[in-house]
Amino acid sequence: MSPEELLAPLNPEQRAAVEHHEGPALVLAGAGSGKTRTVVHRIAYLLAEHDVLPQQILAVTFTNKAAGELKERVEALVGTSGRDLWVSTFHSACLRVLRTYGERIGLKPGFAIYDDGDQIDLLKSLIANVGGQPEVNPRAVRGVIDRAKSNLWSPERLASEGERVWGRIVAGMPLEHVVDLYHRYQQRLEQSNAVDFNDILGRTVELFDDHGDVLERVQQRAVFIHVDEYQDTNAAQYRLTNQLADTYRNLMVVGDPDQSIYAFRGADLRNILDFQRDYEDAAVYRLELNYRSVGSVLGVANAIIS
């Protein structure tokens with residue numbers, strides 16, 4: 001499609017966001033406002049109008065289903081060149097990086113990824129070695145470790161910050177015991193050449209921090225970055241986004257503060273509220289027309305939000 005054809009079906013606010021070329025941008029998109037259409041047309045517009053290469057575009061979503069849908073819709077507009085776009089979840093993108101460069105931080109080829117069951121089994125064996133703690137729920141301990149990792153907290157950071165968040169007793173045991181379990185849990189992962197789900201993000205942050213040449217190579221594959229549902233990013237995802245955008249600064253984040261639902265697993269609403277503090281020159285686009293709901297539904301929803 002030509003640039004003019006890509007812009008034709010859009011309302012003025014969507015069109016302004018699509019025409020945004022370089023530099024940071026915040027798209028505040030309410031429910032049913034056509035945010036996916038806006039991202040899809042913006043990617044296609046970069047290819048058609050500005051001769052950006054598909055290999056220079058990264059789009060990050062929160063689910064594999066959303067990533068697949070986004071890529072399919074772009075390909076419908078731009079043809080086979082859309083296959084070269086990098087469209088994935090945060091975890092899939094980071095896993096791809098670790099599979100390529102993980103040896104730089106001690107991950108041997110073919111490293112394992114521990115799922116929920118593997119984590120629980122490992123924690124059960126570690127808890128059994130902590131005297132007088134037979135009643136401790138390993139899932140509660142895993143929840144604390146997962147939350148610490150999503151905040152990029154080491155065991156030492158958990159020791160210093162944990163009481164402020166959870167108090168002295170955490171997951172049914174003294175905080176210092178949980179910190180010790182976290183230490184030993186991480187040691188066992190390293191001995192087994194394994195990572196858990198949260199490590200996929202945290203260890204990528206570590207890789208980028210310690211090996212600037214790796215970050216530079218990945219940045220060349222992510223010159224134009226799009227992040228959907230930015231209001232639900234946690235500390236690790238926030239840090240990764242800023243690492244990747246640090247050189248070219250062509251970062252477009254899309255989200256709605258009123259739709260943040262994942263605080264219980266570490267999402268930080270401040271990431272979207274403070275975007276203009278992080279990027280003072282950011283353009284802001286507001287998608288406020290709802291194409292999904294009738295007026296009575298919108299009235300109730302807005303009343304609840306208020």
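Between S150, S125, S88, where does the largest GNM mean-square fluctuation fall for the chain, given springs only between Cα atoms within less than 10 Å?
Residue with maximal mean-square fluctuation among S150, S125, S88: S125.
Find the eigenvalues of the gyration tensor of the Cα atoms of the stretch 118-205, then list the square roots of 5 times those eigenvalues as equivalent ellipsoid semi-axes, largest first, in whole angstrom.
Rounded to whole Å, the semi-axes are 19, 17, 10.
Quick one: length gained pulling R96 to L53 fully straight, 0.36 nm per residue minus the C-alpha distance? Before the final figure, lay out the partial values.
Working: separation 43, 0.36 × 43 = 15.48 nm, distance 2.00 nm.
Full extension from R96 to L53 adds 13.5 nm.
Just to confirm my numbers, what's the Cα centroid distance between the stretch 271-305 and the stretch 210-268 in Å?
19 Å
How long is the stretch 45-186 along each principal axis, judged by its Cα atoms, biggest number first, in Å?
65, 33, 25
Using the scaling law 2.2 N^0.38 Å as the reference, what is the normalised Cα Rg of the stretch 40-85?
Working: Rg = 9.9 Å, N = 46, 2.2 N^0.38 = 9.4 Å.
Cα Rg divided by the expected 2.2 N^0.38 Å: 1.05.
Over the stretch 45-121, what per residue volume does the convex hull of the Cα atoms give, in whole Å³? Working shown, then result.
Values: hull volume 8.9 nm³, N = 77.
Value for the stretch 45-121: 116 Å³ per residue.
Suppose every Lys and Arg Cβ carries +1 and every Asp and Glu Cβ carries -1, with no other charges. What dipole size does the stretch 229-306 come out with about its Cα centre, to the nearest 20 debye?
Values: 7 positive and 11 negative charges, 30 e Å.
Approximately 140 debye in magnitude.
Taking K65 as the anchor, which lysines have their alpha carbon closer than 22 Å to its alpha carbon, excluding any fewer than eight residues away along the same chain?
Leaving aside lysines fewer than 8 places away in the same chain, those within reach of K65 are K35.
Within the stretch 193-251, what whole-number % of the accessible surface is contributed by carbon and sulfur, with the 1.4 Å probe and all protein chains included in the calculation? Walk me through the numbers on the way to the answer.
Details: 850 of 1900 Å².
Here it works out to 44 percent.
Please express the shape of the stretch 186-242 as an equivalent ellipsoid: the semi-axes are the square roots of 5 times the eigenvalues of the C-alpha gyration tensor, given largest first in whole angstrom. Please report the intermediate quantities before stating the final value.
Details: eigenvalues 106, 54, 14 Å².
Semi-axes from the Cα gyration tensor: 23, 17, 8 Å.
Could you check what % of the DSSP bridge pairs in the chain are antiparallel, to the nearest 5?
Working: 2 of 26 bridges.
Counting DSSP beta bridges with both partners in the chain, the antiparallel share is about 10 percent.
Using Cα pairs under 8 angstrom and six or more residues apart, how large is the relative contact order of the chain, in percent?
On the way: 430 pairs, mean separation 89.7, N = 306.
Value for the chain: 29 percent.
Place a point 7 Å from the Cα of S306 along the Cα-to-Cβ direction; which residues of the stretch 19-58 have their backbone N under 20 Å from it?
Answer for this model: 30-32.
Report the extension gain between Y248 and E161 in nm, rounded to one decimal, defined as 0.36 nm multiplied by the number of residues separating them, less their alpha carbon distance. Don't skip to the end; give the middle numbers.
Numbers: separation 87, 0.36 × 87 = 31.32 nm, distance 3.39 nm.
Between Y248 and E161, full extension yields an extra 27.9 nm.
Please give the per residue accessible area of the stretch 36-126, computed with a probe of 1.4 Å over protein heavy atoms only, in Å².
Numbers: 4260 Å² over 91 residues.
Roughly 47 Å² per residue, with all protein chains present.
Taking 0.36 nm per intervening residue step and subtracting the Cα-Cα distance, what contour gain separates R221 from E5 on full extension?
Values: separation 216, 0.36 × 216 = 77.76 nm, distance 2.73 nm.
My answer for the length gained is 75.0 nm.
Over the chain, with a Gaussian network built from C-alpha contacts below 10 Å, which listed residue (G295, G162, G143) shows the highest mean-square fluctuation?
Greatest mean-square fluctuation among the candidates belongs to G295.
Viscosity 1.567 mPa s, temperature 4 °C: give me the Stokes-Einstein translational D for the stretch 165-286 in µm²/s, with Rh taken as the Kirkwood radius over C-alpha pairs. Mind dumping the intermediate values first?
Details: Rh = 16.7 Å.
Rounded, D is 78 µm²/s.
Need the C-alpha centroid separation for the stretch 8-79 versus the stretch 126-205, integer Å.
Centre-to-centre (Cα) distance: 39 Å.
Can you give the direction-averaged projected area of the convex hull of the alpha-carbon atoms in the chain, in nm²?
Values: hull surface 71.2 nm².
Projected area, direction-averaged: 17.8 nm².
Rounded to the nearest 0.05, what FRET efficiency do D84 and R265 have when you use their Cβ-Cβ distance and R0 = 22 Å? Numbers along the way, then the final one.
Values: r = 32 Å, r/R0 = 1.47.
After rounding, the FRET efficiency stands at 0.10.
For the chain, modelled as a Gaussian network with Cα springs under 10 Å, which listed residue fluctuates most, I57, I145, I169?
Of the options given, I169 has the highest mean-square fluctuation.
If we count every other residue with Cβ under 12 angstrom of W86's Cβ, Lys/Arg +1 and Asp/Glu -1, where does the sum land? Don't jump to the answer; show the numbers that get you there.
Details: positive: K71, R83, R96, R221; negative: D84.
Computed value for this residue: +3.
Among Q191, Q219, Y238, whose Cα lies farthest out toward the positive end of the dipole of the stretch 188-240, if unit charges sit on the beta carbon of Lys, Arg (+1) and Asp, Glu (-1)?
Q219
The values are calculated or read from the model by the stated rules, or taken from the named source; none is laboratory data. In this text, all values refer to a predicted model and were calculated from it rather than measured experimentally. Cβ atoms come from the backbone with ideal geometry, glycine included; neighbour counts cover every protein chain shown. Ligands, DNA and RNA are excluded from the accessible area calculation, which covers all protein heavy atoms including side chains. Shrake-Rupley method; radii C 1.70, N 1.55, O 1.52, S 1.80 Å.
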